[in-house]
1. Anything in the range 145-164 that is within 30 Å of residue 66 (Cβ to Cβ) and out of contact with any strand residue (DSSP E or B) (no Cβ under 8 Å at 6 or more places or on another chain)? List them, or say none.
2. Output yes when any residue across the range 165-175 is within 18 Å of residue 44 (Cα to Cα) and out of contact with any helix residue (DSSP H, G or I) (no Cβ under 6 Å at 6 or more places or on another chain), and no when none is.
3. Do you know which residues across the range 235-290 are in a helix (DSSP H, G or I) and among the charged types (D, E, K, R)?
4. Conditions: (1) in a helix (DSSP H, G or I); (2) over 20 Å from residue 144 (Cβ atoms); (3) among the basic types (Lys, Arg). Residue 50 meets all but one. Number of the miss?
5. Under the condition of being modelled with pLDDT of 95 or more and not in a loop (DSSP other than H, G, I, E, B), which residue from the range 25-47 is nearest to residue 78 (Cα to Cα)?
6. Among 131, 158, 177, which is the only one that is closer than 20 Å to residue 235 by Cβ and of a type in the set (Asp, Glu)?
7. Mind listing just one residue for me: the one in the range 150-183 that is farther than 28 Å from residue 104 by Cβ and not charged (D, E, K, R) and, of those, farthest from the chain's Cα centre (by Cα)?
8. Considering every residue within the range 191-209, establish whether at least one is touching a residue at least 12 places away in the same chain (Cβ under 8 Å), within 15 Å of the chain's Cα centre (by Cα) and assigned to a helix (DSSP H, G or I).
Amino acid sequence: MGRLKYWKRIIQSYLLNNVSQLDFWHGEPKKNFDTDINKLSQYYMLFHNKALYDGNLDSNGIPMLNYHGHIGLQYNPIAISQWGLGNYNLWIKNKQKENYNKFIACSEWLVDNLVENEHGLWVWMHEFDWEYKETLKSPWYSGLAQGQGLSVIVRAWEETRDNKYRIACDRVYKSFETNITDGGVMYLDEKNQKWIEEYILDEPTHILNGFIWSIWGVYDYYLSFNSENVKCLFDEFISTIENELDSYDIGYWSLYELSENKIKMICSNFYHQLHIVQLDILYDISKKNKFKETSLKWARYSKNKLKKYFSLFHKIIFKVFYY
């Protein structure tokens, strides 16, 4: 029954001409060349298409995404954060009051919806079930939501100096210092390497795009509060990505995650392009040559028609057998 629900929702979202959550997520990934890596400024990706989202909004103007099927219309903390960051970028660039108001509305929503989990850690919950390697049962939290939400409220603190944002920043950051077994979003592997998990599962899957976006939240927290302990944690996360990046390279495309499936979960074209942009930005932040080299290599993969077609075939086969 769960599999039938999944395919019904997928068909409604992907194959029918319906407005869906995909209209929000799948814009072209773009680097923001106006940001200053060394201080808290515009967010590292533009997210202008997110800021201009004209789909479902609640009475306060907060985006809601239509997942169709049994999930339906829902708040997604990650989408709301990206919408807020896109509006922040536009406000810094153009000084339009409308964009500032949307950024503040996003920040208010994030503060109002920050809740304690069963371990006493403050997180943003998703209030719907989600099919992944296993079904995440509502309510569930995410390292990606923690990272992108933190990137928003750190900027709200910098712009307003309202203490509620400072309190929220400190609460959210704690989840990155805490192992997933204790309610946090950090996973310590057998090599003593630290990861941030987008989805909290018994067997971590190490989703690459979610890990990278998440650590930008940690970096933003460091830029705002200038704590060497935060910088040390950020550097540990960077080391993990640098050490394990080759595991995501299958010789013609990038992997989405590192689950132990017989058929590896390859990226769609969108997520492959996102990896390329993220790694380019990660090089700017860390100056680790591995990130620039891999970004350029994966960009070459995407320009090779044979590799692109083969990756699409691989993706279709994966979807048939898995999620």
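The values are calculated or read from the model by the stated rules, or taken from the named source; none is laboratory data. Keep in mind that what you see is a predicted model, and the values were worked out from it rather than measured. Note: ideal-geometry Cβ built from the backbone for every residue, glycine included; neighbour counts use all protein chains shown. We work out accessible area using only protein heavy atoms, side chains counted, and drop any ligands, DNA or RNA first. Shrake-Rupley method; radii C 1.70, N 1.55, O 1.52, S 1.80 Å.
1. To start, the set of residues in the range 145-164 that are within 30 Å of residue 66 (Cβ to Cβ) comprises 145-156.
148, 150, 151, 152, 153, 154, 155, 156, listed by residue number.
2. At the first step, the residues of the range 165-175 found to be within 18 Å of residue 44 (Cα to Cα) are none.
Within the range 165-175, not a single residue is within 18 Å of residue 44 (Cα to Cα) and out of contact with any helix residue (DSSP H, G or I) (no Cβ under 6 Å at 6 or more places or on another chain).
3. We begin by selecting, within the range 235-290, every residue in a helix (DSSP H, G or I); these are 235-248, 269-286, 289-290.
Hits for the range 235-290 are 235, 236, 242, 244, 246, 280, 284, 290.
4. (2)
5. 45
6. Values: 131 fails: closer than 20 Å to residue 235 by Cβ; 158 fails: closer than 20 Å to residue 235 by Cβ.
Matching residue, one of 131, 158, 177: 177.
7. So, considering only residues that are farther than 28 Å from residue 104 by Cβ and not charged (D, E, K, R), the one farthest from the chain's Cα centre (by Cα) is 181.
8. yes
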